[in-house]
Amino acid sequence: MAFVEVRGTRLYYEDEGDGPAVLLLHGWGTSGRVWQSQLPDLIRDHRVVTLDWRGCGRSDRPAAGNTIAGNVADLVEVITGLGLEKPAVVGSSMGAVFGTELALARPDLVGGVVAVDGPGYWPSEGMRDTVHEVTAALLADRPGLVASWVPNWCAPGASAALVDWTIRQIVDSAGYIDPLIGESATWDPRPRLPELSVPIAYVHGELDLQIPLAVARTCAALTPAATVHVVAGCGHLPHQEDPVAFTAVLRDVLAGLRVAV
């Protein structure tokens, strides 16, 4: 097991393969294990670092620092500390928020961003209200709320085992990550996306009800040279719902990012 200490917190990571660097960031409450289906293919010709961000998976679970800005600060130290040379930052959901913010703040460190069903601004006031309700409900009954919420993340017909595994990871994560949901309710990258100077690709599940495909298309239209790639038949977790199709898309996207750089 490998850990890197950043800002007084130990973060678990795995570092495999050789070639252009890829940094994989999971979504809210899960862990780097969500990328397990992509790793055998990617490590053939990439250096792949899979990170559990603070409060999740095998990383430490401190009470402080789990904000969008705090996680971006962690990523700066991870990239420099592990000697990653302009990695492609692949982030799912909340991980896509971190990747986008990192690219805006430190474009010198990032070779490109792949936002998987993100970056996740809420397209309506009603959805923002729902986010605040979810945050409150997590305090009252974390297992019950997560069990009722997560099944809606996947498209109809998704594996029941995947849904159950996702629920168990989130229930096991530290409650200190919950304020990130409230913070994301008002987070909106659109005014700054025209300033993004590194290439970005939006990879999105066709049937995502949490972050609709229209969000990715809107962000791409505002972002210089951005591309949108749709994974048919998938919801919010395309890398897990259809890993074969997703990995094929991701490999094409990574090749395109290298050309853009």
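The values are calculated or read from the model by the stated rules, or taken from the named source; none is laboratory data. All figures in this text were calculated on a predicted structure; none of them were measured in a lab. Here Cβ is always computed from backbone atoms with ideal geometry, including for glycine, and neighbour counts include all displayed protein chains. Side chains are part of the model used for accessible areas, which takes the heavy atoms of the whole protein and leaves out ligands, DNA and RNA. Shrake-Rupley method; radii C 1.70, N 1.55, O 1.52, S 1.80 Å.
Computed values, structure above
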item	result
Test: residue in the range 147-155 that is among the aromatic types (F, W, Y), surrounded by 15 or more Cβ atoms within 10 Å (Cβ to Cβ) and either over 21 Å from E101 (Cβ atoms) or modelled with pLDDT under 95 (or both)	yes
Test: residue in the range 180-193 that is over 18 Å from the mean Cα position of the chain (by Cα) and loosely packed, with under 15 Cβ neighbours inside 10 Å	yes
Members of the range 95-123 that are touching a His at 6+ places or on another chain (Cβ under 8 Å) and more than 17 Å from A220 (Cβ to Cβ)	G95
Failed criterion for A88 (all others in (1) at pLDDT 95 or above; (2) touching a helix residue (DSSP H, G or I) at 6+ places or on another chain (Cβ under 6 Å); (3) open to solvent by 10 Å² or more (accessible area, probe 1.4 Å); (4) within 27 Å of D164 (Cα to Cα) hold)	(4)
Residue check for W35: touching a helix residue (DSSP H, G or I) at 6+ places or on another chain (Cβ under 9 Å) and either open to solvent by 10 Å² or more (accessible area, probe 1.4 Å) or among the basic types (K, R) (or both)	no
Meets criteria (out of contact with any Ser or Thr (no Cβ under 7 Å at 6 or more places or on another chain), surrounded by fewer than 18 Cβ atoms within 10 Å (Cβ to Cβ), within 18 Å of L75 (Cβ to Cβ) and at pLDDT 95 or above) for D45	no
Residue ID - least open to solvent (accessible area, probe 1.4 Å), chosen from residues in the range 91-117 that are polar (S, T, N, Q) and over 19 Å from R47 (Cα atoms)	T100
Cβ-Cβ under 6 Å pairs, at least 6 apart or on other chains, the range 28-41 side without any contact (Cβ under 8 Å) to a residue 40 or more places away in the chain, far side of a type in the set (A, V, I, L, M, F, W, C) and in a helix (DSSP H, G or I)	none
Members of the range 199-221 found to be crowded, with 24+ Cβ neighbours inside 10 Å and of a type in the set (V, I, T), listed by number	I200, V203, I211
Filtered residues of the range 222-261 (kept if open to solvent by 50 Å² or more (accessible area, probe 1.4 Å) and either among the charged types (D, E, K, R) or at positive phi (or both))	A225, D242, R251, D252, R258
Residues of the range 51-67 satisfying the condition of being β-branched (V, I, T) and surrounded by 16 or more Cβ atoms within 10 Å (Cβ to Cβ)	none
